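Please read the structure below before turning to the comments.
The values are calculated or read from the model by the stated rules, or taken from the named source; none is laboratory data. Worth saying up front: this structure is predicted, and the values here are computed from it rather than measured. Glycine also receives a Cβ, built like all others from the backbone with ideal geometry; neighbour counts cover every protein chain displayed. Side chains included, ligands, DNA and RNA excluded: accessible areas come from the protein's heavy atoms. Shrake-Rupley method; radii C 1.70, N 1.55, O 1.52, S 1.80 Å.
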Amino acid sequence: MTPAIQVRQVHKRYGSVHALAGVDLEVRQGEFFALLGPNGAGKTTLINTLAGLARADGGSLRVMGHDVVSGYREARRNLGVVPQELVFDPFFSVRETLRIQSGYFGLRRNDAWIDEVMERLDLTSRAGFNMRALSGGMKRRVLVAQALVHKPPVIVLDEPTAGVDVELRQALWNFVKQLNADGHTIVLTTHYLDEAEMLCQRVAMLKQGRVVALDTTQNLVRSVSGRQVRLRLAPDALPPLLEPIRLGSENGTHLLSLADYPELERVMAALREAGSRVLEMEIVQPDLEDVFVQIMRRE
Amino acid sequence: MDGFRTLLFKELLRFWKVSFQTVLAPLLTALLYLLIFSHVLEEHVQPYPGVSYTAFLIPGLAMMSMLQNSFANSSSSLIQSKITGNIVFMLLPPLSHAEIFLAYALASVVRGATVGIGVIAVTAGFIELPVKFPLWVLAFALFGSAILGSLGIIAGIWAEKFDQLAAFQNFIIMPLTFLSGVFYSIHSLPPFWQALSHVNPFFYMIDGFRYGFFGASDVAPHLSLAIVGGSFLALSFLTLWLLGTGYKLRQ
Ligand SMILES: Nc1ncnc2c1ncn2[C@@H]1O[C@H](COP(=O)(O)OP(=O)(O)O)[C@@H](O)[C@H]1O
Ligand SMILES: [Mg+2]
């Protein structure tokens, strides 16, 4: 099957800044994909080159098999982008904004779909409002709606939840999950790594214009070295043999670091030998944030 | 062509929603010029035999208003979109350079024509204006506004701030319009200024436009049409090429 997004050896320079330094990436159709990285890593630049807002200096990008330069019409028809900046046209109402956006894609009788998108994003009551009169959260929803007017199979959201309240964030993710369930490919960037971990099947991490990690969320989390185990013992004291791996103790529980799972057996053996009984045990899983921190530190 | 129609519609809606500033204000300005200049000069100047100064002035003012408003339409729309960032809404869809060019240029022509027709319609109540060759009037109105619409696109793409656009307007567009013979026949100028006027393309727009009304002009109307039409073609290609390179629009 044609990949939803295919990025090959893409370079982009802004003066002396090498914003994209040979990016290779493939997103399969139907995936929920996260593009992560610290500020300035090149996420927005990558999205811009994909959307034709910026031109790559080298390499190629395809959306649903269409080259974004030579086949720009088809590529753009297949792509919906929610930009990072909260932009709007102050001359128009919400409905006018969506109708105009739809018309740009050649869809002139699209009111049924526009109504549905507004309904699902809770915008219906604001349809006649001028864009200027909307709160930031509402403007964000209109941006999402604008990206969807042409029902693109591939949807890219650039930090859609930055500066957005919890309620809208929840609503937005539910909506995006629904879109994914309906078959849309979703690519998002976010600083909330817990969200990315919860939503996305695969993750690419960017640093200084390079992909430094690309795998399933599960594999990435598994790959991180250093799990932890939390123990409550009777008697309370930790056997001296385990002191070297102790990370801390509080309220009668001890936190130990494990290099890997087999080390747990050695911990249990040491406890048995010392005559300690395990009252409670909890294995603390690393999360995507740990992976992120570790990878960014390593590279 | 549906994307083009929508962009045209959006551009028309944009200026129509603020028609107080975009149509009525320039109309008022033109009428004030007419009032003052015709009052002061009517007795002293007769540019062509049998044509009063006020009658002579009206087509010039109409054309000047058309040119200025055509320029203002595309340039202000583009710079506003660039500065607020909403230009992405036009850059993300599959619109071609030609569609973008045609929509902005045509919207400029419509705004220019609306103001131009307004000037002539309002003054028609005060003075009888002959229209000897309506097709010439139409041709020069169309080419003139299209040229300024294209210049507005170029300026809007090039400028990054409002004051850069204002500089373009104040140092290029305004001098060229004021020194084009709106208020006088260039035959009344000293030879040096006459010669200089002949390298100003705006002069040919006004002179040719006026020919359509009075059947009299400073230079042959065919020459004016050739120069104006040629300028339009050259500017169209330049604008299309600029849009094609993505200069200052697609980084
Ligand atoms: N238009 C631009 N002009 C100059 N430099 C830019 C431009 N856009 C991005 N950059 C630079 O490119 C790098 C990547 O930026 P960006 O893609 O916005 O990162 P991210 O979205 O991951 O935070 C940064 O160093 C940024 O300063
Ligand atoms: Mg960014």
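Take A:A54 and decide whether it is within 10 Å of ligand 1 (Cβ to nearest atom) and either charged (D, E, K, R) or within 14 Å of chain B (Cβ to nearest Cβ) (or both).
yes
Within the range A:112-126, identify whether any single residue is touching a residue at least 12 places away in the same chain (Cβ under 8 Å) and of a type in the set (G, A, S), and answer yes or no. Full working, then the answer.
So in the range A:112-126, the residues touching a residue at least 12 places away in the same chain (Cβ under 8 Å) come out as A:113-114, A:117-118, A:120-123, A:126.
When the remaining residues are screened for being of a type in the set (G, A, S), the result is none.
No, every residue in the range A:112-126 fails to be touching a residue at least 12 places away in the same chain (Cβ under 8 Å) and of a type in the set (G, A, S).
Could you check the range A:90-123 and list, in sequence order, the residues that are open to solvent by less than 70 Å² (accessible area, probe 1.4 Å), part of a helix (DSSP H, G or I) and within 10 Å of chain B (Cβ to nearest Cβ)?
Answer for the range A:90-123, where residues must be open to solvent by less than 70 Å² (accessible area, probe 1.4 Å), part of a helix (DSSP H, G or I) and within 10 Å of chain B (Cβ to nearest Cβ): A:E96, A:T97, A:I100, A:Q101, A:S102, A:G103, A:Y104.
Out of curiosity, is B:F183 at pLDDT below 95 and aromatic (F, W, Y)?
For B:F183, the condition - at pLDDT below 95 and aromatic (F, W, Y) - is met.
Which residues, counting only those in the range B:186-214, are in a loop (DSSP other than H, G, I, E, B) and either open to solvent by less than 10 Å² (accessible area, probe 1.4 Å) or under 19 Å from B:A226 (Cα atoms) (or both)?
Across the range B:186-214, the qualifying residues are B:H198, B:V199, B:N200.
Take B:F101 and decide whether it is open to solvent by 50 Å² or more (accessible area, probe 1.4 Å) and part of a helix (DSSP H, G or I). Working first, answer last.
Values: open to solvent by 50 Å² or more (accessible area, probe 1.4 Å): no; part of a helix (DSSP H, G or I): yes.
Taking the combined requirement at face value, the residue does not satisfy it.
Six or more apart or on different chains, Cβ under 6 Å: which pairs go from a residue in the range B:59-78 that's closer than 23 Å to B:F101 by Cβ and of a type in the set (F, W, Y) to one that's at pLDDT 95 or above and open to solvent by 10 Å² or more (accessible area, probe 1.4 Å)? Could you list them?
Pairs found: B:F71/B:L151.
Given the criterion modelled with pLDDT of 95 or more, under 30 Å from B:H187 (Cβ atoms) and either touching a Leu at 6+ places or on another chain (Cβ under 8 Å) or assigned to a helix (DSSP H, G or I) (or both), identify the matching residue among B:V122, B:V110, B:V115.
Step by step, each of B:V122, B:V110, B:V115 is checked, and only B:V115 is modelled with pLDDT of 95 or more, under 30 Å from B:H187 (Cβ atoms) and either touching a Leu at 6+ places or on another chain (Cβ under 8 Å) or assigned to a helix (DSSP H, G or I) (or both).
Does A:N39 count as surrounded by 20 or more Cβ atoms within 10 Å (Cβ to Cβ), in the same structural domain as A:V10 (by TED's automatic domain parsing), within 16 Å of ligand 2 (Cβ to nearest atom) and without any contact (Cβ under 8 Å) to a residue 24 or more places away in the chain?
Here the answer is no, as A:N39 does not meet what is asked.
I'd like the full set of residues that are under 20 Å from A:L46 (Cα atoms) and touching a helix residue (DSSP H, G or I) at 6+ places or on another chain (Cβ under 6 Å), limited to the range A:213-242.
A:A213
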